[in-house]
Amino acid sequence: MCGNTMSTPLPAIVPAARKATAAVIFLHGLGDTGHGWAEAFAGIRSSHIKYICPHAPVRPVTLNMNMAMPSWFDIIGLSPDSQEDESGIKQAAENIKALIDQEVKNGIPSNRIILGGFSQGPVGGVNRDISILQCHGDCDPLVPLMFGSLTVEKLKTLVNPANVTFKTYEGMMHSSCQQEMMDVKQFIDKLLPPID
């Protein structure tokens, strides 16, 4: 592979059907791109919301024998006590902040921007009043439901626990399903209603 493996293409975007008054920035999982999620959001979109699905840079991933693949940061292991790629996580956060800043420059207030993601892609916030929807398949062999449960309990210590919703989907593996996407749409539409 030649060139800079840290460069990334422009995000996949589902534009608002009318003037955008809100935005959703959604990060894909390890080895994926934003294209599939942009297609999924196109199927549930609200006309006043712009959906931005960035692509992670291609980088070696320790967990996958250092194979280069789209990844927001390195993953060393899957156990709760595995070392974390702090510098990679900080860089990913800076990249997402740049996307938020760009949308604010485009005229969308920061309180009308939702961050989300799948698997490696979820992002956290520092505002205790943010609302969080966490979804998980009960048959996920890659990220067991126990990890989802541990994550939601940790989130409840960081933000107002009343603002954290945890939904599980029977039979769903490490993927998404139609019911989950409809729950995501309902969550987004509640937080980002039309303002015009």
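The values are calculated or read from the model by the stated rules, or taken from the named source; none is laboratory data. Keep in mind the model is a prediction, meaning the values are calculated, not measured. Every residue, glycine among them, receives a Cβ derived from its backbone with ideal geometry; neighbour counts consider all protein chains shown. The accessibility values were calculated without ligands, DNA or RNA, using every heavy atom of the protein model including side chains. Shrake-Rupley method; radii C 1.70, N 1.55, O 1.52, S 1.80 Å.
At a temperature of 25 °C and a viscosity of 0.890 mPa s, determine how fast region 1-102 diffuses translationally according to Stokes-Einstein, using the Kirkwood radius over alpha-carbon pairs as Rh; express D in µm²/s, rounded to the nearest whole number. Mind dumping the intermediate values first?
On the way: Rh = 14.8 Å.
So the translational diffusion coefficient is about 166 µm²/s.
What is the distance in Å between the Cα centroid of region 148-196 and that of region 8-87?
So the separation of the two Cα centres works out to 17 Å.
Give the Cα extents of the chain along the principal axes, in whole Å, largest first.
50, 41, 30 Å, listed from the longest principal axis down.
With N residues in region 56-157, what two-decimal value do you get for its Cα radius of gyration over 2.2 N^0.38 Å? Before the final figure, lay out the partial values.
Numbers: Rg = 15.2 Å, N = 102, 2.2 N^0.38 = 12.8 Å.
Normalised Rg, Cα atoms only: 1.19.
Kindly rank 22-29, 63-70 from highest to lowest mean number of other beta carbons found within 10 Å of each residue. Before the final figure, lay out the partial values.
On the way: 22-29: 24.2, 63-70: 12.9.
So the order, starting with the most tightly packed, is 22-29, 63-70.
Keeping all protein chains in the complex and leaving out DNA, RNA and ligands, what accessible area do you get for residue 185 with a 1.4 Å probe, in Å² to the nearest 10?
Here the accessible area works out near 50 Å².
To the nearest 10 square angstrom, how much accessible area does residue 87 have with a 1.4 angstrom probe?
Counting only protein heavy atoms, residue 87 exposes about 90 Å² to solvent.
Only Lys, Arg, Asp and Glu count, each charged at its Cβ (+1, +1, -1, -1), so figure out the dipole size of region 9-165 about its Cα centre, rounded to 20 debye. Don't jump to the answer; show the numbers that get you there.
Values: 12 positive and 14 negative charges, 161 e Å.
With only Lys, Arg, Asp and Glu charged at Cβ, the dipole is about 780 debye.
So what does residue 168 come to for accessible area, using a 1.4 Å probe and Å² rounded to 10?
70 Å²
Around residue 85, which amide H atoms from residues at least 5 apart in sequence, or from another chain, sit under 5 Å from its own amide H, with H modelled in the peptide plane?
76
Which far-off residues, 5 or more places away or on another chain, put their amide H under 5 Å from the one on residue 135, with H placed in the peptide plane?
Counting only residues 5 or more places away or on other chains, the set is 167.
Using a probe radius of 1.4 Å on heavy atoms only, what accessible surface per residue do you get for region 77-120? Whole Å² is fine.
So region 77-120 comes to 64 Å² accessible per residue, rounded to a whole number.
What aspartates and glutamates does residue 97 reach when the alpha-carbon gap must be under 18 Å and sequence neighbours fewer than 8 apart in one chain are set aside?
Cross-link targets: 86.
Here is the link list: 19/90; 90/154; 154/185; 50/90. Which ones come out longer than 28 Å on Cα distance? Provide the component values of the computation, followed by the final result.
Numbers: 19/90 32 Å; 90/154 19 Å; 154/185 24 Å; 50/90 25 Å.
Result: 19/90 exceed 28 Å.
Can you give the Rg to Rh ratio of region 155-196, both from alpha-carbon atoms, with Rh computed by the Kirkwood formula?
Numbers: Rg = 13.1 Å, Rh = 12.4 Å.
Value, to two decimals: 1.06.
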